[in-house]
Structures are given as C-alpha cells and as structure tokens.
C-alpha cells in the first residue's frame with residue numbers, strides 16, 4: 001500500500017507530500033532530506049501496525065463456513081481461558097479477551113457478519129461507538145453462555161439487583177415407624193418436630209421492637225460492591241450485608257437478631273391406606289421457618305413398616321404359606337385361612353400337590369390413593385409327620401401296597417425350571 005492511499009486521519013498527523021518526477025517536494029517547495037523521508041515512512045509503518053486487525057475468524061479459530069453454534073462454542077472456550085477473573089494482573093490476557101470478544105460481537109450478529117464477509121473490517125468499523133466492531137451490548141446476551149460464572153450481568157453496569165434478605169427455610173425429615181396393619185389400613189399418628197419458627201417479637205426481621213434494619217454502609221444499600229479490573233467494572237455481593245442491602249444494628253433481644261426461635265411442635269400425620277416401607281409423606285410449609293420473613297420449608301415424614309408374622313407383601317398382593325396333611329391333599333377338604341380382615345374358608349380339591357398356590361381375590365392391600373385391593377395368595381404345603389405311631393405305620397404301609405410308586409427319575413416340568421431361575 002502506498003503512503004498516498006491512506007485516509008484523512010493520517011493526513012492530519014503527517015505533512016502532505018506531492019510527487020514531481022523522481023524527486024518529491026513538500027508544499028513549501030523545499031525537498032525533504034532522505035533522513036526525514038525515512039523517519040516519516042517509519043511513522044507510517046508504526047501507524048499501520050497499530051491499526052491492523054486480525055481476521056475475526058482467525059481470532060476465534062473457526063472457518064468462514066462455521067455455524068452459529070460453532071462460533072459460540074469457540075468463543076466460550078477462549079473466553080474461559082483469557083477472562084480477567086482467571087488472569088488477574090495480566091495485560092496480555094486482558095487484550096486477548098478484548099480481541100476475542102470483539103470478534104464474537106461481529107460474528108454472532110448475522111447482519112454484522114454479512115457486512116464483515118463482504119467488506120472486511122471497514123464494513124463494521126463504524127457500527128459502534130467503541131473500538132471498531134465492538135459493541136458492549138453483546139454482553140446482554142452472555143447469560144446463556146456463562147450464567148453467573150463471571151457475573152456478566154454486572155459488566156459495564158448492566159444488571160446488579162439487590163438480593164432480598166428473606167430466605168426460604170430448610171426442609172426437615174422425621175422417621176415414623178408403623179405396624180404392618182397400620183400401613184395397610186391407614187392410621188393417624190403424631191410426630192414430634194423440632195424446628196425454627198418465626199420470632200413473634202420482631203416478626204422475622206431480626207430487629208428490636210420499634211426498630212428496623214438500616215441501609216448497609218459498605219454498599220450504600222445496593223447489596224453489591226464494584227471494583228475495577230482492567231477493562232471491566234465487575235460487581236460482587238457485599239460481604240457486609242450478604243447482598244441484602246441492609247443490616248440489623250439493634251437486634252431483637254428474644255431471637256438475638258436471627259428472626260427465628262427453636263421450638264418443638266406436634267404434627268398430626270394422617271397416613272393413608274396402602275403405604276409401603278420407605279414411603280415419604282410431604283407436609284408443605286411445616287419445615288424450618290424462613291430467615292428474615294422468608295417462606296417456610298417442608299416437612300418430610302419417612303415411613304418404616306414392620307414385617308408381618310407370616311404375610312409377605314408384593315405390591316398390593318399378600319402371600320402366605322399354609323400346611324396341610326397328606327389325607328387332606330389327597331381327598332380334598334375345606335380349611336380356614338387367615339386374612340387381614342379375619343378368616344376365610346378355602347376349598348382344597350382332592351389330589352392337590354404340595355406347593356400349589358390358591359388365589360383369594362380382594363383380600364390384599366388397598367391401592368394407595370386409588371380404588372380396589374390386591375389379592376391374597378395362599379400356598380399349601382403337605383406336612384410330613386416326623387414321628388409315627390404303630391397304628392400310623394400300619395395304615396401307611398397298607399396304603400403303600402395299594403398305591404405303589406415307581407421311584408424312577410422324571411423330566412422336570414417347564415414350570416419347575418422357571419421357578420428355579422428366580423430362587
């Protein structure tokens with residue numbers, strides 16, 4: 001590029017030079033010396049070097065065909081590396097961060113990117129009031145890139161809201177032990193809870209009666225303090241008031257300025273029918289009171305159900321095992337089997353084998369928060385006597401002669417093999 005091709009900004013800083021053949025004259029008609037010409041040329045070189053920008057695609061390390069997602073991803077990686085918060089007192093990192101931010105401000109905007117692709121830096125040089133191509137408003141959209149990692153909402157004085165002193169109370173957990181029948185049919189229980197409750201003297205604000213929190217002097221009530229770090233003005237939560245903007249100078253004597261008092265309460269817990277071991281019941285608003293007038297947390301009651309003497313529960317169904325004698329299984333009979341609602345007459349057909357299950361409908365557990373009940377499954381097992389009297393031996397021997405059995409191996413049934421897979 002020749003010296004005469006430069007714009008008017010350079011003309012204001014350097015004397016105009018006119019060509020006259022092979023030599024040059026100044027406007028005053030005096031020919032400059034070679035030394036002055038070299039000095040002038042060097043100044044032009046310095047001016048060009050200082051005002052030459054790198055290609056924005058090169059700055060972000062992407063191609064000109066890069067998508068919006070690729071540009072955003074590349075900027076995020078570079079910004080995380082060169083951000084001033086991660087490089088304190090590092091001017092080189094700060095300059096690098098300015099450069100990549102300027103590049104992203106152009107390439108992230110479809111209209112500006114189109115101008116840049118057609119005309120280069122000249123096409124976007126006058127689009128902003130700051131450095132060529134740099135628009136501070138780009139930071140308004142950085143929340144989706146960084147969130148609150150570096151506090152971008154507060155850069156350049158944008159955002160920075162005072163945080164309320166009120167805070168939600170913590171959730172509480174209490175354990176409640178139930179009998180098996182209580183879990184099946186439901187019950188009412190009392191649960192003792194130790195929790196913080198709002199102080200009735202100061203109504204939760206922590207100040208003495210007739211007093212009120214005063215504006216924080218450290219942040220002048222803003223809840224944030226600002227400090228300058230090179231190119232940025234960054235806000236941080238005030239360490240004195242913790243972002244509330246106010247402090248309690250005259251604390252409540254009853255709660256010592258906490259706004260809450262520890263008390264023990266009895267909570268009436270209605271346990272619905274059909275709950276299982278490990279069920280959690282939520283009582284909204286019965287947890288810890290919120291600090292400085294904030295909403296209360298929740299109370300969670302965790303149920304622990306004791307095992308039954310002989311019933312086993314699977315979902316809403318109940319299972320039990322009932323022994324029968326060999327004559328009952330062979331000839332058939334009627335037996336009384338237990339349920340949670342009393343005894344039930346069960347018919348055993350003749351020739352019943354040991355391990356046969358019988359289903360008694362609607363004698364199981366009620367459906368939680370629904371309709372209907374599960375079933376009761378009764379498995380009968382033939383009980384073999386351990387000791388026999390003389391008369392029993394004679395009768396069994398006679399029966400054995402009348403009903404001989406060949407003691408040969410048999411192929412196991414498919415049902416039997418499936419059962420063994422789950423044992």
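At-a-glance table
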| read-out | value |
| --- | --- |
| Per-pair calculated FRET efficiency, R0 = 35 Å: residue 215 and residue 95 via Cβ, rounded to 0.05 | 0.35 |
| Over the range 312-401, relative contact order from alpha-carbon pairs under 8 Å, at least 6 apart, % | 33 |
| For the range 187-296: rounded, prolate or oblate by the Cα gyration tensor [a/c cutoff 1.5] | oblate |
| Residues 250, 175, sorted so that the one with the fewest Cβ neighbours within 10 Å comes first | 175, 250 |
| Over the range 331-379, relative contact order from alpha-carbon pairs under 8 Å, at least 6 apart, % | 29 |
| Fewest-first ranking of 303, 261, using other Cβ atoms within 10 Å as the exposure measure | 261, 303 |
| Equivalent ellipsoid, the range 234-392 (semi-axes from 5 times Cα gyration tensor eigenvalues, Å) | 63, 16, 14 |
| Full-extension gain in nm, residue 200 to residue 284, via 0.36 nm per residue minus C-alpha separation | 28.1 nm |
| Shape category assigned to the range 292-372 from the gyration tensor of Cα positions, a/c cut at 1.5 | prolate |
| Highest to lowest packing among 367-380, 70-83, 333-346, scored as the average C-beta count within 10 Å | 70-83, 367-380, 333-346 |
| Alpha-carbon centroids, the range 70-91 and the range 347-414: separation in whole Å | 76 |
| Full-extension gain in nm, residue 270 to residue 118, via 0.36 nm per residue minus C-alpha separation | 47.5 nm |
| Inter-probe distance in nm under a simple model that places probes 7 Å from Cα toward Cβ, at residue 262 and residue 226 | 4.3 |
| Förster radius 41 Å - calculated FRET efficiency between residue 181 and residue 402, Cβ distance, rounded to 0.05 | 0.30 |
| FRET efficiency estimate (nearest 0.05) - Cβ-Cβ, residue 368 to residue 72, R0 45 angstrom | 0.40 |
| Order of 195, 280, 226 - criterion: other Cβ atoms within 10 Å of each residue's Cβ, fewest first | 280, 226, 195 |
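Bear in mind these aren't lab numbers, they're just calculated from the coordinates by the rules spelled out. Everything numeric in this text was worked out from a predicted model, so none of it was measured. Methodologically, a virtual Cβ is constructed for each residue, glycine included, from the backbone with ideal geometry; neighbour enumeration extends over all protein chains shown.
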